[in-house]
Structure formats: C-alpha cells, structure tokens
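Reading through the structure tokens given below for one structure.
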Amino acid sequence: MQMSDTETKLRQTAKELFTDGRIDVLVGYTKGTLPLRSRPVFITNAEEVDKLVWNAYCSNNLAVYLPRFFTVQAQRKKDETPPPKVGIIAKGCDIRSVVGVIKEKQAPRENVVIVGVHCAGMVDLAKVELLMGGERVYRSDETPEGKLVVTTRLGKEQSIEKEQVMADACLDCQYPTPDGADIIIEGTSKKVNEELYKKVDDFEAMSAEERWQYFEQEISKCIRCYACRQACPNCYCKVCFADQTKPKWIGAGIELSDVMLYHIGRIFHQAGRCVECDACLRACPMNIDLRTFTRKLAKDVKELFDFTPGLSFDEPPPLCTFKDDDSQDFITEP
Amino acid sequence: MTTESSNPYTPSPVSIRKIFIENEAKDIKTFELVFCDEDDRQNFKFMCGQFAMLSVLGAGESPIGIASSPLDDDYLQFTVKQYPTGVVSSTLHSMEEGEKIGVRGPYGNSFPIDQMEGMNVVITAGGFAFTTLRSTIRYMLSEKNRSLFENITVIYGARSPGELIYKSELKEWEESSDIDMYVTVDKGDESWKGREGFVPTVLKEVAPSSENAVMLVCGPPIMLMFTMMPILELGFAPERIFTSLERRMTCGLGKCGRCNVGSKYVCKDGAVFAYEEIQKLPEPIF
Amino acid sequence: MKQAVIRRDALEDFIRSIGKDCMVYAPLREGNTVCLTEISSGGKIELAYANSKVPLKSLFFPQAETICTFEDGEVLNVHLPDEKAVVFGSRPCDARALRIVDKVFSEDITDPYYHARRNNTLIISLTCNDPSDTCFCTSLGGSPSGKEGSDILVFDLGEVLLFETVSEKGESFMETYSGSFQPAKKVQMKTKKDIASMAEKKVPAIDAEAVSERLEGSFDSPFWDEIHKTCLGCGVCTFLCPTCHCFAFDDNRVDSIGERIRLWDCCQYPAFTLEASGHNPRISSRERMRQRIMHKFSYYVKNFEEVACVGCGRCVENCPINLDLREIVTIIKEES
C-alpha cells in the first residue's frame, strides 16, 4: 500500500525530533498484525521511525500511556534519572486528552511534545464486522481510491467506503484539527458534522424508566474485565474506587447493582474530563454501548457549564470551580 | 452448623478464647482459638511452619502462620499484625474474646523437623516473622521432644524493645539451659538493658557453628536480604538453610494461581523452602 | 466410537428438545457476539460461527459463583451445583482447554464446585470447517477436529451433521436419543474425513516448537523489557482465555448476613500480588506480562507436561492494542 503523504511527513518529523534531541521516546502507531488494525508503538531512536504509520486504523488514544512515563515507583531502585521527554502522535481528540492528562498533573507540560495530525476519521472495526454479518475480517485491501475490499473468514467479499464504517466518535467529532499541538503535520481534517449529539437526544427523549432499562440491558453484558477503565487516559488512579477495600464501595462480582454502580461511578468521574474518544468502547470485548452514556454526560457538562474538555491548558475543569451563574437546578428542581 | 467437610473452601468455626496484645504499638495480637466442633479439632493436625487461612466472614481471609505448637492439643494460636489497609486484619483486631471466626487448613509444608533430629538447630528471626519459629521452638523444647535435637540457638530481634513479641516466653527461654537465646533490638530505650544491634550483626557476633546444623531463618524481605550473606559465610549449606516465604494468597490449595512463583505455589510447595530451592526460583524472593 | 447423522433442518428442534431433560447451552448470537447461552433465552443456534466470545470455561468456572453464605458468623449450607447440562456447539480448542484447567482443579485437593459441573455436563463440540485467521491450535498440539475434552464431536457436512461419540458418556447420550438420528453412510464418513483434513490445513501455523525449552533461562532476558510496554493491563486476554483460571474471593454482607463469592481474577492487574504491607513483587507490567507468558509456556509445562495455551486466538483478536501472543512466541524463539 502506498504510503500516505502524512505518513512520510510524520516519519520525517519524528526523525528530526530525535536527532535534535527534543525527545527520548515517541509514542505513535505502527502496523498491526491483524487486518484493519494499527497499534501503539514506542520508538526510542531515529532509526526506528520507519515503523510509524498513519492510516484510518489509528484509533487508539495514545494519551493513556503518558502517565506511566512519569510515575514515581517507590521500589528499591535508586534511580536518579530525570523523567524522559516524550513525544506523542495525537489527532484532535487525543490532543484534548493529552491536555487533560497534563492539566491533572499526570505528566509535566515541559516533558511532552505533542505531534498533531489531521484526522479524516477512523474506521470502526465493529461496524465493519456488523456489515459483514457479524463476521471477522480475514483480509482487507485498500484500493487507490481509498475503498476497502474486505473478505471474511467464510469467504464473503465486499467493497466498503470508509465513511460507511467510520466510528461514531469520528462522525460526531467537533475537533478533528490538531489545534493545540506543539508541531502540526500538514494535512486535511475531515469536515465537522453539525448534527451534534443526535443519538444522545434520542436517549434523552426516552422516559426515565426506558432510559434505566436501556442502561440495565447494556450493562448486563459486562464481564467486569475493566478494559474500559484501563484504556481511558483519564483513569489513572493508583487504586480505582472499584478496587478499594477500605472502604468497600462496591462488590467485586457481577451482581447487576455492583456492575451498574461501577459504570455509573466511572462515567460520572469523567464528567468535564471525557473527550469522547471512545477508547473505552473500543476496548470493551462485549460491545457495550458506553458511548451513549459518556456522551450524555459530555452534553450535560456543555449545557450546564459551557465547557468542552481539553481545549485549553489554563481553563480550570468545571467540577473544580464555582461560578455565581452556575445552574442551581439540581437543588431547586431536582 | 452445616458445612460439607469435604469442601476445602468452607472454614471450620472457631471461637476466640483469648487475645494477647504482643507489642507496645498494640497492632500485633495473638489470637487463641478453639474449635467449635470436636471433629474439626481432631482433624486439624499440623506441623511447625504450616499456616492456615483465618476466615473472617464478611471481611475475607488471610493466610497466617500457626504460632502455637502442634503439641498444644486443644487450641491454636495465630499472631496477626494489623495493617491499616488490611480489611481482614483490621476486622480481626476489632473483635473480642468470645466472638467466632473460621479456620481453613492446615496448609503448606512444614520445617524439616525429621531432618533436624540429631542436629544442632539455629534459628534467626526478625520482627513479627517469628511466629512459626516460635511454634518450632516450643515444639522442640517440649519434654517429649527436647532430646531429639542437639544444641538449639535462637537469635531474635525487633526494631525496639516494645516491638518484641512473645515477651514472657523470651524471658523463659533466656533463663533456660535447654536453649541458647540471644534477644536483640535495633535500638533500645532507657529501660532496655539487653543487647542492641541488627539481627545480621548479632548473628555474626554469636557465630553459631554450621557443623551438623540446620538454619531456620524468617524475617521481612529486607532482613532476609542482609542476613543470608552472614549465614552463608558461617558455612551453612544452601540445602540446610530454610525460610518461610510470603505471598498474597487466596485459596491456599494451589488452585487460584495467585502465589505461583515459577513452577511452584507458595501455599502448596511452601511456604517453607530450602535456600537451595529458592536459588532456583525465577522471581526474586527478596 | 459410533457415528450417526441428523439433518441440518432437524438439528435446532432436536437441541431444543433436549432442553426438557436438562439445561442446554448452545451458540447464540447477539450482534457481533456469539456466546454459549442457555437456549431458553431464544434465538437461532449458530453453526458457522468462529468461536464463542466468552470461552467454554465460563460454564464450569463461572465469572462469579457463591462459595458459601453466612449468617451471624455461621457458615450456612453450601450448595454444590447439581444440574445436568448439555453444551452443544463449543469448539474443540475450548474442550481441550478444559482438560488443562481440570489438571489444576483436581490436583491434590479437588475443587468441588468445578467438578460438580464437570461431572454433570456433557460436551458436544462442533468441529471447525473454517478456522479463523487468528487460530493456531495445530501449532500447539490441537486440531479443528480434536477429540480431547469432548464427549461427542459434530461435523458439519452441509445438509447433515455427523455426530461421532468420543466418550462413554457420549455413547450413552446417543443411545438415549437414537430416535433422532440416522446411521451415517459411508459417503458421509468420507466427506467428514475430507472436511476435517481440509480444515486442519487452513489453520495458520506459528513456530511454537520447543517454546518451553527456549524460555528456560530467559527470565532476565531483555526482550521482556520491550514486549510489555503497550499493554494496558485491561484483563481482556485473561478473561477471554479458555485456560486462564486465576480467581479471588470476595465477601459481601449486609449486617450479619452475607456470602463469599469466587470471581475471576487476572495476573495482569497491578493488585494481583499486592500484599497488605504495600509490597508488590510484580510491580510493573513487565513482571506481570512475563508471569503470564512464563506460566502458560514454561511453569505449567513443568508441572503438567503440556503448554497451557490451546491456540484459540481470542487474546490476539480482542486485545485493544493488538498485542499478539503469536508474535511473542516467535520473538522468544529468535531471542533465545
């Protein structure tokens, strides 16, 4: 497959960052071992830049890796090495995530170089599989026009437009341009879709009972693997409330009330912080519709506090600040 | 009470007969437990070095070394340190005499008592890891057993005088001619008239002979790290040095996988390991 | 070994009819996911699916199960599962994986909960005609038509399905339901052989030969420093692995009434080996990843003489960051 223009420029930029000594490690994407997959890679020198790729499968939010470069490990190592300078390849949503992680002091600003990439939208593997009757894609080839020709395990072949299978997060994306990055790779971003929060509106239009029923129906698929939490860059707590034993907030099993409380806790902890990147959704092995719930919260935060996370290093998070004109509805009209 | 005795996961009920506060900080307590069911008591046969799961219904379970001697027929003693983050230890410490908990076990292997017969026994211990060694000392010193062993030497230390456990027994043993007892503290206080010095240092001073001798050593990982060298320098062979390893455990039966180290399970193939075996285990032990 | 056939269009009714006598689990679809589900929940039984999302082990070693209940400090009656059940449509790799878990759960002391379910369940595995690109069972001693762990093997010949008994339990089942079957014709038995052998060739191969030997002495090898880096510690590989069996206990109570439950746990979670003192022998994902690989391909082998991986490919397919076990096995080969 021909390397895209962006990919060439990305590799060049990465090379320069290393040779100029601006970074010690770069977190980026490389070719996956499965069709329609790219995957995270850490490279540590200029010779490795050819591992980097940029394509429609670079969906992982790499900001999740940032905190681990800067944790203090209180073991017997007497390491006095200073923290590394970390470069990170980031598309619009990821940049907002990186901003959040830095703002919450999980990574020092001066040690992070954000390499921004224009994003045309990412392919949602689950959508491709659904289109192919729920079957895994065995093989995928990209035509020069950018169409995907996919073949399933059972030999079914189909030509697909990337737009048909673009991730919901990308279809609804309001910030596809890499604003806020330290370095921007030239390119073009997808157009912004003006129909904001449509599926959430549908969810909100349901009665309280119907909404609860939907939530229950989705959450009962959960196997408590915690992939959603581990994939989320904002879930960096050393001990998650779900794992705490003193006090014990929730049971550890699959009792529905415990599972629902875990998700409610996690999703509400994201209020004002979630950038709707859908890392949680993609990681979930049971395809739970986490998106409707995270987006509902994001919409509420936007309406109540006129705040979108990750657009500014300086704007304080809404749940840490109080303004006189904050809505008091929850007190006066519960 | 209805438990299936063939089910290894259901604990046997025991009642707390007595609680002894062992240290000045009051966070180490010895619990003396009696079985509620006579059959359970008779079936619980253990040897020094083994442990049991103390089961606090509603809180959880914890693997604790058995501190009483196998010859203490009608009760079991467990010395438990309370950790602020520990649900089981904290709940246990808040309990009173007369309350009931559960016991599962005995689990693990024991110190090589048979191998130790006819030999000199040297015991080195630090902090509150002394528990199963105390069981061993009591067993060896019993009238029934004393003659089976040659010289018994014990070097035991704690951070401070207040942190020494089994204080009344330590005194008894210091005065006994059946055992050479050396008690030390890292740092004494105004009233302390005994020895001061870290356990490895005192070990070097006492310099027990490794001739026809077995070394039993227990302590926190850091102490083991510093004590192993002097032990080896004294000439103890790796197959004659035994220690008790610790790992977080769940089942105690070698099934849940939590205490798996290399091809061994600390609950089943240990917790007592010869140093020779430890050298072959992949993960660093201390 | 006995063989009999049933028409494809009669299969669904037959499987449902067994449901009168016992619990029946079969592969049912929900969106992109197929799971071995209790059939009374409705839905069409899938025959051409790749593999169930959650492995067969979940029916014997469930995600959560009650070990005992208690009240006022007394342990109450412990109910060991005693329902008879039939699993139809699991894949041979999953059945083989059960035997790997069997060894741990029956060594020395038998796990009564697991064994009660094992003893009361008949396993009818559906052999694979079209293995997935992520399968690698043949490289680890398995096969798309492997017998190990199953009571009956089923071959999908198109118009008919051929049932072949493996165990005595399987033979007994076929006798009980002999009315629903016709004898297998020679030509059908030949088709079965052809399909099975074609499927075997379709399974991608990886070089896993002597991986345990190559792991010997590799504990401190630098490759462990690299392979763990992108791991999220999310637990998906472990939960979806048919041989993984680590568990935890959790006590739940309200006042003095409560229960102790057993839950799946994962060695990739940081708190897995975290001790109350705060010490953690496996402090980073490097140690945890190494433990996972070494346990499957080295430690388990030392105790039970076989690798604790059946090559089902679920970990490969479901890992959110595409960490590929097949790749790791190859790297181990090259680095040693």
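Specify the residue that is farthest from residue B:115 (Cα to Cα); the eligible residues are those in region B:216-275 that are acidic (Asp, Glu) and either assigned to a loop (DSSP other than H, G, I, E, B) or within 12 Å of chain C (Cβ to nearest Cβ) (or both). Filtering region B:216-275 for residues that are acidic (Asp, Glu) and either assigned to a loop (DSSP other than H, G, I, E, B) or within 12 Å of chain C (Cβ to nearest Cβ) (or both), the one farthest from residue B:115 (Cα to Cα) comes out as B:246.
Out of all the residues in region C:292-336, which are within 14 Å of chain A (Cβ to nearest Cβ) and part of a helix (DSSP H, G or I)? First the steps, then the outcome.
Restricting attention to region C:292-336, the residues satisfying the condition of being within 14 Å of chain A (Cβ to nearest Cβ) are C:312-331.
Of everything in region C:292-336, those that are within 14 Å of chain A (Cβ to nearest Cβ) and part of a helix (DSSP H, G or I) turn out to be C:314, C:315, C:316, C:317, C:318, C:325, C:326, C:327, C:328, C:329, C:330, C:331.
What do you reckon, is residue C:243 assigned to a helix (DSSP H, G or I) and modelled with pLDDT of 95 or more?
Values: assigned to a helix (DSSP H, G or I): no; modelled with pLDDT of 95 or more: yes.
So residue C:243 does not fit the description; no.
Residue-level check: of (1) within 30 Å of residue A:157 (Cα to Cα); (2) in a loop (DSSP other than H, G, I, E, B); (3) in contact with a helix residue (DSSP H, G or I) (Cβ under 9 Å, 6 or more places away or on another chain), residue A:134 misses just (3). Checked against (1) within 10 Å of chain B (Cβ to nearest Cβ); (2) surrounded by fewer than 23 Cβ atoms within 10 Å (Cβ to Cβ); (3) closer than 27 Å to residue C:64 by Cβ; (4) in contact (Cβ under 8 Å) with a residue 12 or more places away in the chain, residue C:262 passes all but a single condition, namely (2). Does residue C:212 fit the bill of being out of contact with any Pro (no Cβ under 8 Å at 6 or more places or on another chain), assigned to a helix (DSSP H, G or I) and surrounded by fewer than 19 Cβ atoms within 10 Å (Cβ to Cβ)? So residue C:212 does not fit the description; no. Residues that are over 19 Å from residue C:64 (Cβ atoms) and either buried (at least 19 other Cβ atoms within 10 Å of the Cβ) or without any contact (Cβ under 8 Å) to a residue 12 or more places away in the chain (or both): does region A:250-259 have at least one? Among the residues of region A:250-259, not one is over 19 Å from residue C:64 (Cβ atoms) and either buried (at least 19 other Cβ atoms within 10 Å of the Cβ) or without any contact (Cβ under 8 Å) to a residue 12 or more places away in the chain (or both), which makes the answer no. Filtering region C:111-135 to residues that are assigned to a loop (DSSP other than H, G, I, E, B) and touching a residue at least 40 places away in the same chain (Cβ under 8 Å) leaves C:127, C:128, C:129, C:130, C:131, C:132, C:133, C:134, C:135. When region A:201-239 is limited to residues that are of a type in the set (Ser, Thr, Tyr), more than 14 Å from residue C:234 (Cα to Cα) and surrounded by 12 or more Cβ atoms within 10 Å (Cβ to Cβ), the one that is nearest to the other protein chains (Cβ to nearest Cβ) turns out to be A:220.
Is there any pair with a first residue in region A:277-294 that is within 17 Å of residue C:31 (Cβ to Cβ) and a second that is part of a loop (DSSP other than H, G, I, E, B) and of a type in the set (Gly, Ala, Ser) whose Cβ atoms are under 9 Å apart and which are 6 or more apart or on different chains, and what are they? Within 9 Å, the pairs are A:278/A:59; A:278/A:167; A:281/A:167; A:282/A:59; A:282/A:167; A:287/C:31. Checked against (1) within 17 Å of residue A:98 (Cβ to Cβ); (2) under 17 Å from the mean Cα position of the chain (by Cα); (3) modelled with pLDDT of 95 or more, residue A:17 passes all but condition (2).
Does residue A:33 count as without any contact (Cβ under 8 Å) to a residue 12 or more places away in the chain and of a type outside the set (D, E, K, R)? I'd like the intermediate steps shown before the answer.
Working: without any contact (Cβ under 8 Å) to a residue 12 or more places away in the chain: yes; of a type outside the set (D, E, K, R): yes.
Against the criterion (without any contact (Cβ under 8 Å) to a residue 12 or more places away in the chain and of a type outside the set (D, E, K, R)), residue A:33 qualifies.
Across region C:169-211, the qualifying residues are those that are farther than 22 Å from residue C:15 by Cα and of a type in the set (S, T, N, Q), and the one among them that is farthest from the chain's Cα centre (by Cα) is C:191.
Inside region A:187-227, residues that are under 25 Å from residue A:166 (Cα atoms), assigned to a loop (DSSP other than H, G, I, E, B) and of a type in the set (Lys, Arg) make up a count of 3.
Yes or no: residue C:252 surrounded by fewer than 20 Cβ atoms within 10 Å (Cβ to Cβ), in contact with a strand residue (DSSP E or B) (Cβ under 7 Å, 6 or more places away or on another chain) and free of Cβ contacts under 8 Å to residues at least 40 places away in the same chain?
Criteria met by residue C:252.
Assess whether residue B:277 counts as being within 23 Å of residue B:46 (Cα to Cα), of a type outside the set (Phe, Trp, Tyr) and either crowded, with 24+ Cβ neighbours inside 10 Å or not assigned by TED's automatic domain parsing to the domain that holds residue B:54 (or both). Here the answer is yes, as residue B:277 does meet what is asked.
Among the residues here, residue C:26 qualifies as outside the structural domain of residue C:236 (by TED's automatic domain parsing), surrounded by 19 or more Cβ atoms within 10 Å (Cβ to Cβ), small (Gly, Ala, Ser) and part of a strand (DSSP E or B). When region C:23-37 is filtered for residues that are within 14 Å of another protein chain (Cβ to nearest Cβ) and touching a strand residue (DSSP E or B) at 6+ places or on another chain (Cβ under 9 Å), the ones remaining, listed by number, are C:27, C:28, C:29, C:30, C:34, C:35, C:36, C:37. Does residue C:5 satisfy the criteria of being assigned to a helix (DSSP H, G or I) and away from chain A (no Cβ under 14 Å)? Criteria not met by residue C:5.
Specify which of the listed residues (C:59, C:28) is over 18 Å from residue C:117 (Cβ atoms) and at pLDDT 90 or above. First the steps, then the outcome.
Values: C:59 fails: over 18 Å from residue C:117 (Cβ atoms).
The unique qualifying residue is C:28.
Among strands (runs of 3 or more DSSP E) entirely within region A:14-121, having at least 2 residues that are more than 14 Å from chain C (Cβ to nearest Cβ) singles out A:86-90, A:112-117. The requirement of being in a strand (DSSP E or B) and either free of Cβ contacts under 8 Å to residues at least 60 places away in the same chain or over 27 Å from residue B:267 (Cβ atoms) (or both) is fulfilled nowhere in region C:96-110; no residue meets it. Of everything in region B:41-94 that is among the small types (Gly, Ala, Ser) and at the interface with chain C (Cβ under 9 Å from one of its Cβ atoms), the residue that is farthest from residue B:219 (Cα to Cα) is B:58.
The values are calculated or read from the model by the stated rules, or taken from the named source; none is laboratory data. Please read these numbers as outputs of a predicted model, since none were measured by experiment. Every residue, glycine as well, gets a Cβ built from its backbone with ideal geometry; the counts of neighbours run over all protein chains shown.
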